[in-house]
């Protein structure tokens, strides 16, 4: 990744497609929700196996992100960005045409692989275009960050509309024209970079993908198989061994997939931990809030998506307009800590939901507080994690932070699912038990966010305002928070 001092006149148009990439990657995790019942009927899924339509995507996505980041550094972010969109289009076509369960899951895994190439290369392109301008970089991160909640909400809307008025395969086919458009404009808008000298650590890529994938697989199936089941612990042990083997390989190789000493870079590890805990709190809140709206308050899928619009609007407004100005004044460390405390407060408020509650009292105000907290914490932690790395390792840093967020999402959701189930969330015919389970999940997510706030305040180094996330004012602009 190279950072140019001369602004690229195409940078804002390019940013629109970089944000579109984030939008689509997140949308693909949420758009299938409403379509799952029809997919179960048409393809013959069992109730227990249906969740793997989601999990196949997440495991491939999270497991391959480090490889995507390394490929971006070696072969150029623009090439890998285009390759990712091509792979996503192929996976979407396979998933839409699937007539059997295994074909559907294979298509979803290919979609996840494409997203694992898109996400880190998109962030690398963003840094290439805006990394030399400390005033524009927070705005670019804000627009990129706001695309995530927009994609999540749009997925709920589009999934409902498409399933009702077309058919479930179109929740996958919708990716194809977007991919073709992006492939057409990428050579004109995105900056090119010459390939770097180096090799791809194939063995490292295999071990980290297998290790992370096995751990995520163990966690997402644990609520069904049981946290105390031998199979769960064997899978966790296997994932841990594979991850340990990856670390051992990286310490010995001359050209590793991930230079381990990158984690010593000031603020990089702390910012990634903040992203992991932020996802571990936010994703369970979003998931269980959807269930509360539909299973307790009785809203339909479309009405439930509409109920989340104020929260999504607040996030986008805060990220684009408010958060960059506050970060310039107060710095990333204060923003991350304050944001995660606000997120914790919003989820603590949500834990008081009632079986006979109402949207205006039980959901709207608390969700807006949580949205403000997410907005304040997300952009500074993301920007700090990316900006902390050396310019030539921007793809690796992007892969690490995306991996942190995806692993945090999977672990947080699995853990809070177990908490909710233990408190009665599986009693679908008992609204009181359902509410108690959801309340416990909100309370657990609030604890995760509070822990993230305390750790961020304790571990992040302070710097001069926006310099913490942009590297402003120093000799090496990619190092954050060292002054």
**Message:** Looking only at region 222-236, how many residues end up being touching a helix residue (DSSP H, G or I) at 6+ places or on another chain (Cβ under 9 Å) and touching a residue at least 40 places away in the same chain (Cβ under 8 Å)?
**Reply:** 3
**Request:** Output the residues belonging to region 353-379 that are more than 13 Å from residue 289 (Cβ to Cβ) and in a loop (DSSP other than H, G, I, E, B).
**Result:** 354, 355, 356, 358
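Residues are listed down the side, and each one gets a yes or a no for (1) surrounded by fewer than 20 Cβ atoms within 10 Å (Cβ to Cβ); (2) under 21 Å from the mean Cα position of the chain (by Cα):
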| site | (1), (2) |
| --- | --- |
| 75 | yes, no |
| 85 | no, yes |
| 94 | yes, no |
| 98 | no, no |
| 102 | yes, no |
| 125 | no, yes |
| 129 | no, no |
| 139 | no, yes |
| 144 | no, yes |
**Prompt:** Only one residue in 411, 382 is crowded, with 20+ Cβ neighbours inside 10 Å and farther than 30 Å from residue 199 by Cα. Which one?
**Reply:** 411
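From 337, 313, 346, 280, which residue is within 21 Å of the chain's Cα centre (by Cα), closer than 21 Å to residue 447 by Cα and surrounded by fewer than 24 Cβ atoms within 10 Å (Cβ to Cβ)? Lay out the reasoning, then the answer.
Numbers: 313 fails: closer than 21 Å to residue 447 by Cα; 346 fails: surrounded by fewer than 24 Cβ atoms within 10 Å (Cβ to Cβ); 280 fails: surrounded by fewer than 24 Cβ atoms within 10 Å (Cβ to Cβ).
Unique residue meeting the criteria: 337.
Listed here are the residues, each with its yes/no results for (1) modelled with pLDDT of 90 or more; (2) under 21 Å from the mean Cα position of the chain (by Cα).
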position	(1), (2)
211	no, yes
224	no, no
227	no, no
234	yes, no
**Complete:** Scanning region 161-192 residue by residue, those buried (at least 21 other Cβ atoms within 10 Å of the Cβ) and modelled with pLDDT under 85 turn out to be 163
**Item:** Residue identified as assigned by TED's automatic domain parsing to the domain that holds residue 457, under 27 Å from residue 159 (Cα atoms), buried (at least 17 other Cβ atoms within 10 Å of the Cβ) and at pLDDT below 90 among 290, 267
**Value:** 290
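Among the residues in region 4-13, are any modelled with pLDDT of 80 or more, surrounded by fewer than 16 Cβ atoms within 10 Å (Cβ to Cβ), touching a helix residue (DSSP H, G or I) at 6+ places or on another chain (Cβ under 7 Å) and in a helix (DSSP H, G or I)?
Step one: list which residues in region 4-13 are modelled with pLDDT of 80 or more, which gives 9-13.
Filter once more, keeping what is surrounded by fewer than 16 Cβ atoms within 10 Å (Cβ to Cβ): 9-10, 13.
Those still in the list that are touching a helix residue (DSSP H, G or I) at 6+ places or on another chain (Cβ under 7 Å) too: 10, 13.
Retained after the next criterion (residues that are in a helix (DSSP H, G or I)): 13.
Scanning region 4-13 turns up at least one residue that is modelled with pLDDT of 80 or more, surrounded by fewer than 16 Cβ atoms within 10 Å (Cβ to Cβ), touching a helix residue (DSSP H, G or I) at 6+ places or on another chain (Cβ under 7 Å) and in a helix (DSSP H, G or I).
Kindly check whether there is at least one residue in region 120-131 that is within 19 Å of residue 78 (Cβ to Cβ), touching a helix residue (DSSP H, G or I) at 6+ places or on another chain (Cβ under 8 Å) and not in a helix (DSSP H, G or I).
Within region 120-131, the first condition is being within 19 Å of residue 78 (Cβ to Cβ), and the residues that meet it are 120-131.
Checking the rest, the ones that are also touching a helix residue (DSSP H, G or I) at 6+ places or on another chain (Cβ under 8 Å) come to 120-131.
If we keep only those that are not in a helix (DSSP H, G or I) too, we end up with 131.
Checked region 120-131: at least one residue is within 19 Å of residue 78 (Cβ to Cβ), touching a helix residue (DSSP H, G or I) at 6+ places or on another chain (Cβ under 8 Å) and not in a helix (DSSP H, G or I).
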**Prompt:** Restricting the first residue to region 412-433 and requiring it to be at negative phi and assigned by TED's automatic domain parsing to the domain that holds residue 295, which pairs with a second residue that is at pLDDT 85 or above and in a loop (DSSP other than H, G, I, E, B) meet a Cβ separation below 6 Å and a spacing of at least six or different chains?
**Reply:** 431/355; 432/355
**Prompt:** Out of (1) within 15 Å of residue 25 (Cβ to Cβ); (2) crowded, with 24+ Cβ neighbours inside 10 Å, the odd one out for residue 70 is which?
**Reply:** (1)
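The values are calculated or read from the model by the stated rules, or taken from the named source; none is laboratory data. Every value quoted in this text rests on a predicted model; they were computed, and no experiment measured them. For neighbour counting, all protein chains shown are included, and Cβ atoms are generated from backbone atoms with ideal geometry for every residue, glycine included.
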